[in-house]
Every structure is written in structure tokens, then in C-alpha cells.
Amino acid sequence: MEGDKYIILLLDDQFLEIKIKEVLSGFPEYKLLFSLDDASLPSGKNNTLVITTLLPSLGDNYNPLSEIKRKFPWINILVITEPENSFRIFETFKAGANGFCLKSESALEFAHHVDAMFKLGNSVSISLLPLLIKNYQKLSIVEEVLTVKELNIAKEISAGLSYKLIADRVGISIDGVRFHIQKIYRKLEINSKGELIALFLSNKDSN
């Protein structure tokens with residue numbers, strides 16, 4: 001029907017799905033779908049929104065939202081996430097998602113995000129903006145702040161190599177590898193191997 005707004009829910013959190021359904025039930029213009037293969041899905045119109053918790057996986061190049069944007073370039077995507085996923089959020093932003101909100105936001109705040117997605121085509125939680133900017137800055141300076149040896153070790157860690165194998169390749173001790181990894185974390189302001197992997201997945205020019 002003309003004027004209807006279609007929302008496809010692609011969620012991996014059953015409690016969150018119930019909460020979202022309750023919020024959206026107060027808006028009769030929103031028509032809920034649960035699959036991109038639904039026959040009711042309109043094409044070529046700016047009246048369809050995917051709401052999802054899907055994020056790119058760590059350790060490989062799979063990004064589910066890239067595939068959605070490839071098949072349905074007219075569809076807007078609102079990602080519901082947590083601040084600690086900021087690296088994966090940035091990768092999803094690069095894939096074409098144009099909205100981000102937090103799971104912890106109120107029903108009113110969530111409804112505002114959905115409305116903004118339909119009216120403006122984008123919406124980002126204020127608290128997530130600094131994280132996206134910070135990650136963009138990290139990607140642009142990673143090769144500037146790391147030494148050649150640190151960069152090589154970071155790439156080897158991101159590729160899943162063991163400390164022993166890295167030590168053999170670089171020509172240092174295992175304790176030396178640990179020392180350099182701590183320096184890498186401090187320089188890039190990260191705290192885990194997962195963040196390092198996500199950073200190098202995003203910074204494809206360095207791989």
C-alpha cells in the first residue's frame with residue numbers, strides 16, 4: 001500500500017526482537033517482514049529498512065550486510081549493537097549500513113532512530129560517533145605509529161599465527177613477541193587480539 005514503510009527484522013536476540021515488535025506495534029504505517037525473500041518486499045523504493053544485529057565476523061572477510069547492499073542497494077540498514085563492537089561497527093559502516101543505535105537505548109530513542117532512517121536515510125547514536133571517528137583515525141595512522149617489526153608482528157597475530165611461529169619468523173624470543181604485542185596494543189589504544197584482528201580486517205591496504 002502507498003505510504004507503508006517496510007521493516008525487515010534480522011536479529012539474533014529473541015528478547016530484543018520481542019522488545020522491538022512491541023515498540024513498532026504502535027506505528028500502524030510500519031509493516032514487519034522477517035525475510036529478504038518475502039514476496040511483499042517492494043523494490044526500488046526508499047521505504048524499506050533492515051533492522052539487524054548482524055556484524056562482520058572476526059578472522060575472515062565475511063560481512064553479511066555487504067551482501068544485503070549488493071542485492072538490495074535501495075534498502076537502508078539500522079544496526080543495533082554495543083559500544084565494545086566499535087571496530088566491527090566501523091567495518092559494517094563501510095559495507096553500507098547507514099544507521100547505528102545501542103541495545104541499551106529506550107523505546108522512545110529507538111523509535112526516533114527508525115523515524116530518522118525513513119525520513120533522512122541515516123541515524124547514529126551520539127555515544128557511538130566518537131568511536132566511529134576514533135576507529136577511522138586509527139585506520140589512517142596505523143602504519144605511521146607502528147615500527148616495521150611491530151607492523152609485521154601485528155599482521156602475523158591478525159592472521160592467527162602462534163607466538164612461537166611468529167618468534168621464529170621474526171627472529172626473536174616468545175617473550176619478545178609478548179613485549180611487542182603489548183607495545184602494539186598501547187600504541188593503537190586497543191586491549192585484545194579481537195580488536196587487533198578487526199582493525200586489520202578494516203585496514204585492508206595494510207595486508
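The values are calculated or read from the model by the stated rules, or taken from the named source; none is laboratory data. Since this is a predicted model, take the numbers as computed values, not measurements. Here the Cβ is made from the backbone with ideal geometry for all residues, glycine too, and neighbour counts use every protein chain on show.
So here's what we get for this one:
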quantity	calculated
Every residue from segment 80-103 that is β-branched (Val, Ile, Thr) and at pLDDT 85 or above	Ile80, Thr81
Test set (1) outside the structural domain of His180 (by TED's automatic domain parsing); (2) modelled with pLDDT under 80; (3) not in a helix (DSSP H, G or I) - Gly160 fails condition number	(1)
Positions within segment 81-115 being among the aliphatic types (A, V, I, L, M) and touching a Phe, Trp or Tyr at 6+ places or on another chain (Cβ under 8 Å), in sequence order	Ile89, Ala111, Val114
The one condition in (1) at pLDDT below 85; (2) under 26 Å from Ile89 (Cβ atoms) that Glu150 fails to fulfil	(1)
Lone unmet requirement of (1) of a type in the set (Phe, Trp, Tyr); (2) in contact with a strand residue (DSSP E or B) (Cβ under 9 Å, 6 or more places away or on another chain); (3) farther than 21 Å from Ile18 by Cα for Phe110	(3)
Positions within segment 1-32 being at pLDDT below 90 and of a type in the set (D, E, K, R), in sequence order	Glu2, Asp4, Asp12, Asp13
Checking Ile77 against (1) crowded, with 20+ Cβ neighbours inside 10 Å; (2) out of contact with any Lys or Arg (no Cβ under 9 Å at 6 or more places or on another chain); (3) modelled with pLDDT of 90 or more, the condition it does not meet	(2)
Residue match in segment 85-108 (condition: over 29 Å from Gly160 (Cα atoms) and touching a Gly at 6+ places or on another chain (Cβ under 8 Å))	yes
Strands (runs of 3 or more DSSP E) (entirely within segment 1-111) containing at least 3 residues that are closer than 30 Å to Ile190 by Cβ	48-52, 76-81, 99-102
Some residue of segment 119-137 being under 30 Å from Gly171 (Cβ atoms) and either in a loop (DSSP other than H, G, I, E, B) or modelled with pLDDT of 90 or more (or both)	no
Residues that are in contact (Cβ under 8 Å) with a residue 60 or more places away in the chain and at negative phi, drawn from segment 96-130	Lys103, Ala107, Phe110, Ala111, Val114, Met117, Phe118
